[in-house]
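One structure below.
The values are calculated or read from the model by the stated rules, or taken from the named source; none is laboratory data. Keep in mind the model is a prediction, meaning the values are calculated, not measured. Cβ atoms come from the backbone with ideal geometry, glycine included; neighbour counts cover every protein chain shown. We work out accessible area using only protein heavy atoms, side chains counted, and drop any ligands, DNA or RNA first. Shrake-Rupley method; radii C 1.70, N 1.55, O 1.52, S 1.80 Å.
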Amino acid sequence: MSLAPGTKLGRYEIRSQIGAGGMGEVYRARDEKLNRDVAVKVLPAALSENADRLRRFEQEAQAAGALNHPNILVVYDVGTHESAPYVVSELLEGETLRELINDSPLSSRKAIDYATQIAHGLAAAHEKGIVHRDLKPDNVFITRNDHVKILDFGVAKLVQPAGEEVAQTDIATRKVHTDPGTLLGTAGYMSPEQARGRPVDHRSDLFSFGAVLYEMLSGRRAFHGDSAIETLNAILKEEPPEIGTTNPQISPGLQRLVWHCLEKSPERRFQSASDVAFALEALSGQSGSTAATVITSPLSRINRERVAWIAVSGLLLLISLALAFAHFSRPQTNTHAVRLALTPPRNMTELAEVMVSPDGLHVAFTAPNAEGKRMLWVRSLDSLNAQALPGTEGAASPFWAPDSRFLGFFAGGKLNKIDSSGGRPQALCEAPEDRGGAWNRDAMIIFSGGGEGLRRVSASGGSPAVVTRLDAKEEAHRWPYFLPDGRHFVFLADAERTEDHRIKVGSLDSPNSQTLLNAAVSRVAYASGYLLFVRQGTLVAQPFDADHLKLTGEPITIADQIADVGENHEFDFSVSDNGLLTYQSGNPTSQLTWFDRTGKQLGTVGEPDNYVHVALSPDQGRAAVEMLDADGRNGDVWLFDLARGISSRLTFDPQWDFGPQWSPDGARILFSSNRSGGGAVNLYEKPASGAGDDQLLLESGTAKFVMSCSRDGQFALYENYDYSNSKMKVGLWFVPLSGDRQPKPYLQSTSFDQMEGQ
């Protein structure tokens with residue numbers, strides 16, 4: 001039954017057909033209630049002729065809809081239209097595995113990646129007692145970001161009449177090709193017990209999985225005959241040809257894994273999809289399948305503008321930390337710290353968030369590419385060149401996997417991972433903020449969960465779970481770092497007041513945590529029996545007993561003036577498992593300088609200081625400048641008389657006042673400030689003469705950054721960062737500078753951020 005565009009199925013309006021097969025027809029439709037595009041699969045009307053079958057169809061579809069896993073197609077709804085049952089699911093963009101293979105083998109690495117994701121999806125379904133029964137390349141979808149989705153869960157079972165011992169070749173059949181005489185797709189992937197019409201369990205899916213993996217690696221089907229009967233006989237009695245005959249690059253271990261899945265007897269196969277995933281991960285040398293944005297805080301965006309002069313004025317230093325600790329704790333020996341400076345790569349002056357790999361052989365960092373987009377870079381310490389990792393635009397807060405092969409990072413409101421040698425990143429889950437992550441050897445990642453404490457998720461992706469519980473004074477838990485046992489971790493408990501900040505230790509086994517250090521405002525790391533953290537700009541190492549989870553001595557000074565590259569205490573240091581420490585010095589000094597349009601330097605203004613943002617007055621006689629305080633954590637707006645070289649302070653609040661902009665007549669300065677607390681950033685104004693008090697211009701629970709004023713002085717344009725949902729939205733808004741001052745959106749989208757308007 002074909003449906004014309006405009007046909008209504010309840011609240012779903014059909015837009016166009018996007019596929020068809022033996023199991024029904026698939027349409028793009030619009031969910032008019034939730035205003036989203038969905039996929040509607042209309043199954044054969046014969047399903048509704050038996051009331052018991054229809055009832056079981058609805059029950060099984062509801063069970064499939066209850067599955068919540070990133071590698072399983074999300075089912076939203078079920079219903080019937082003119083006696084034909086239909087299933088409503090998420091709409092995917094990409095191609096099926098069948099279309100991707102196209103009779104050509106995939107690389108081992110890509111096949112393992114996809115197979116691992118399939119295995120994790122199967123494991124999640126099997127845990128809930130749901131067996132697929134029709135796993136094949138046609139029912140595996142690869143999205144445009146290389147994320148695997150298993151389709152049609154439970155549908156094969158749904159179409160089997162209750163109590164009927166039908167041949168499984170009659171179930172869920174669908175042509176793989178449309179050429180006359182070609183084999184119906186399902187027959188080549190069913191298990192021997194399916195072929196015999198016997199009851200099946202989750203191990204049947206593992207046989208089908210083996211057939212799919214075989215095809216990914218070899219480019220041909222494991223079981224293929226000139227007819228369905230011959231194919232079924234091959235499944236029951238024959239072994240597939242060696243994979244190496246078509247793809248000699250396949251490792252023996254990977255071939256053994258495929259054969260183990262394709263055992264004729266269910267008892268001799270892998271006994272769970274989780275075991276298959278574990279075996280695949282072991283073969284790949286990783287802790288999860290290859291795999292991607294929490295959204296950058298507005299304050300960190302402002303703070304990261306300081307990275308340019310941090311990188312220019314400071315040096316990235318590496319210290320042999322094990323030798324350093326030995327030197328500090330046992331001065332009678334001849335060991336000593338070894339230091340060297342690692343200068344930024346050529347033409348790169350804005351690198352930040354430098355993280356050394358656990359094996360001490362590479363560093364990863366964030367820096368802009370040629371188009372100015374910040375992304376991840378990796379540099380081997382025995383090389384002078386850094387390699388950009390495509391697909392990591394917007395990356396923040398990178399961290400290494402324990403095998404030093406993969407990197408986790410935040411971008412686009414998600415937690416992501418990527419192979420450090422390149423490849424396509426994979427999104428693991430939604431992430432509310434980019435305030436640090438840690439990866440243990442059991443393929444578990446913990447990361448900052450905003451106001452819900454730390455969260456954890458499998459390194460292969462999934463639904464995150466809360467790990468730590470906030471107490472009454474805490475705002476968030478951030479910057480986790482695993483201890484050697486892989487179960488305990490240290491982290492920063494952030495609070496509104498500095499005296500309430502703490503460095504704490506937690507466990508994957510309990511939401512409770514204990515305090516190690518009070519009034520500590522820094523990220524924290526562990527190495528060689530020491531906790532490392534920053535105290536008043538100085539990097540220190542304090543002896544720590546990781547077995548008994550307690551401090552055992554006084555802190556030792558390692559280095560001064562550590563760069564703070566972001567809000568929420570993201571000091572730029574890291575340490576490897578073998579005791580190599582990296583840190584970036586951050587002497588925050590810059591000089592206001594005049595240049596002509598050809599780039600020729602004409603002169604300087606004032607003395608070197610901690611300048612961040614400069615705005616010229618309309619008559620170009622003055623400049624409003626944001627100037628940071630001594631430790632770089634807060635700032636105020638200052639005014640410079642450019643003719644006389646005289647400066648004067650305009651704002652005096654102890655919190656951060658930043659981003660000054662002039663009104664068109666030069667009479668007022670508009671700026672942003674976080675002085676109200678609670679994560680909000682509000683807009684203020686003050687006469688440019690300095691007379692009078694700061695006036696609140698716009699207050700709300702969002703973070704706002706003034707961009708400019710309209711030429712008639714009637715409106716101010718600002719960036720609005722909305723944290724009300726887990727996915728932060730950044731839009732351009734404007735507010736009248738007189739009257740009711742009710743803000744209104746100018747540009748905003750649920751899919752994109754709008755920023756930097758003028």
Count of segment 91-125 residues which are open to solvent by 30 Å² or more (accessible area, probe 1.4 Å), at pLDDT below 90 and more than 22 Å from residue 215 (Cβ to Cβ) = 1
Selection count, segment 493-535, where residues are open to solvent by 20 Å² or more (accessible area, probe 1.4 Å) and touching an Asp or Glu at 6+ places or on another chain (Cβ under 7 Å) = 3
query = For segment 686-720, what are the residues that are among the charged types (D, E, K, R) and open to solvent by 20 Å² or more (accessible area, probe 1.4 Å)?
reply = 693, 694, 699, 711, 712
remark   = Expected output for segment 108-125 (first residue closer than 13 Å to residue 206 by Cα, partner of a type in the set (Ser, Thr, Tyr) and assigned to a helix (DSSP H, G or I), Cβ below 7 Å, 6+ apart or cross-chain) is 123/274
ask   = (1) open to solvent by 20 Å² or more (accessible area, probe 1.4 Å); (2) of a type in the set (A, V, I, L, M); (3) in contact with a His (Cβ under 7 Å, 6 or more places away or on another chain): which one isn't true of residue 273, the others all being true?
value = (1)
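Do the conditions hold for residue 220, that is, is it modelled with pLDDT of 70 or more, open to solvent by 20 Å² or more (accessible area, probe 1.4 Å) and touching an Asp or Glu at 6+ places or on another chain (Cβ under 8 Å)?
yes
Yes/no matrix, rows are residues, columns are (1) modelled with pLDDT of 95 or more; (2) of a type in the set (S, T, N, Q):
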{"position": "416", "(1), (2)": "yes, yes"}
{"position": "421", "(1), (2)": "no, yes"}
{"position": "425", "(1), (2)": "no, no"}
{"position": "433", "(1), (2)": "no, no"}
{"position": "438", "(1), (2)": "yes, no"}
{"position": "443", "(1), (2)": "no, no"}
inquiry  = If I filter segment 224-249 down to residues being in contact with a helix residue (DSSP H, G or I) (Cβ under 7 Å, 6 or more places away or on another chain) and hydroxyl-bearing (Ser, Thr, Tyr), which single residue comes out as most open to solvent (accessible area, probe 1.4 Å)?
reply    = 246
ask   = Has segment 199-213 got at least one residue that is touching a helix residue (DSSP H, G or I) at 6+ places or on another chain (Cβ under 7 Å) and on the phi > 0 side of the Ramachandran plot?
value = no
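Go over the candidates 649, 668 one by one and state the one that is under 21 Å from residue 740 (Cα atoms), among the basic types (Lys, Arg) and modelled with pLDDT of 85 or more. Reasoning before the result, please.
Working: 649 fails: under 21 Å from residue 740 (Cα atoms).
The conditions single out 668.
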ask   = Do you know which of the residues in segment 355-410 that are modelled with pLDDT of 90 or more and polar (S, T, N, Q) is surrounded by the most Cβ atoms within 10 Å (Cβ to Cβ)?
value = 397
remark   = Note: among 131, 74, 87, 40, just one is open to solvent by less than 10 Å² (accessible area, probe 1.4 Å), at negative phi and at pLDDT 80 or above, namely 40
ask   = Is it true that residue 469 is part of a loop (DSSP other than H, G, I, E, B) and either surrounded by fewer than 21 Cβ atoms within 10 Å (Cβ to Cβ) or in contact with a Phe, Trp or Tyr (Cβ under 8 Å, 6 or more places away or on another chain) (or both)?
value = yes
request  = Find the residue count for segment 653-688, including only residues that are touching a Cys at 6+ places or on another chain (Cβ under 7 Å) and part of a loop (DSSP other than H, G, I, E, B).
outcome  = 2
task = Tally the residues that are surrounded by fewer than 11 Cβ atoms within 10 Å (Cβ to Cβ) and part of a strand (DSSP E or B), restricting the search to segment 594-623.
result = 5
task = Would you mind listing the strands (runs of 3 or more DSSP E) fully within segment 474-585 where at least 3 residues are of a type in the set (Ser, Thr, Tyr)?
result = 510-518
inquiry  = So the check is Cβ under 6 Å with 6+ separation or different chains; which pairs have a first residue in segment 126-152 that's more than 18 Å from residue 462 (Cα to Cα) and a second one that's in a loop (DSSP other than H, G, I, E, B)?
reply    = 132/153; 134/172; 136/189; 139/151; 139/152; 144/93
Search result, residues across segment 440-465 that are surrounded by 24 or more Cβ atoms within 10 Å (Cβ to Cβ) and closer than 15 Å to residue 478 by Cβ = 445, 446, 447, 448, 449, 454, 455
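Restricting attention to segment 198-217, report how many residues are surrounded by 15 or more Cβ atoms within 10 Å (Cβ to Cβ) and within 15 Å of residue 134 (Cα to Cα). Show your work before the answer.
Narrowing segment 198-217 to residues surrounded by 15 or more Cβ atoms within 10 Å (Cβ to Cβ): 200, 202-217.
Next, only the ones that are within 15 Å of residue 134 (Cα to Cα) stay: 200, 202-213.
Count: 13.
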query = For segment 411-439, which residues satisfy the criterion of being open to solvent by 10 Å² or more (accessible area, probe 1.4 Å) and assigned to a loop (DSSP other than H, G, I, E, B)?
reply = 412, 420, 421, 422, 423, 424, 425, 432, 433
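Would you call residue 712 modelled with pLDDT of 85 or more and either over 24 Å from residue 613 (Cβ atoms) or not in a strand (DSSP E or B) (or both)? Walk me through it before giving the result.
On the way: modelled with pLDDT of 85 or more: yes; either over 24 Å from residue 613 (Cβ atoms) or not in a strand (DSSP E or B) (or both): yes.
When the stated conditions are applied, residue 712 passes them.
Return the only residue of 225, 244 being over 28 Å from residue 120 (Cβ atoms) and over 35 Å from the mean Cα position of the chain (by Cα). Before you say what the answer is, go through the steps one by one.
On the way: 244 fails: over 28 Å from residue 120 (Cβ atoms).
After applying the criteria, what remains is 225.
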query = Residues in segment 431-444: is at least one under 20 Å from residue 574 (Cα atoms) and more than 15 Å from the chain's Cα centre (by Cα)?
reply = yes
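Regarding residue 28, is this residue touching a Ser or Thr at 6+ places or on another chain (Cβ under 6 Å) and either at pLDDT 70 or above or open to solvent by 70 Å² or more (accessible area, probe 1.4 Å) (or both)? It would help to see each step written out before you state the result.
Values: touching a Ser or Thr at 6+ places or on another chain (Cβ under 6 Å): yes; either at pLDDT 70 or above or open to solvent by 70 Å² or more (accessible area, probe 1.4 Å) (or both): yes.
So residue 28 passes the test.
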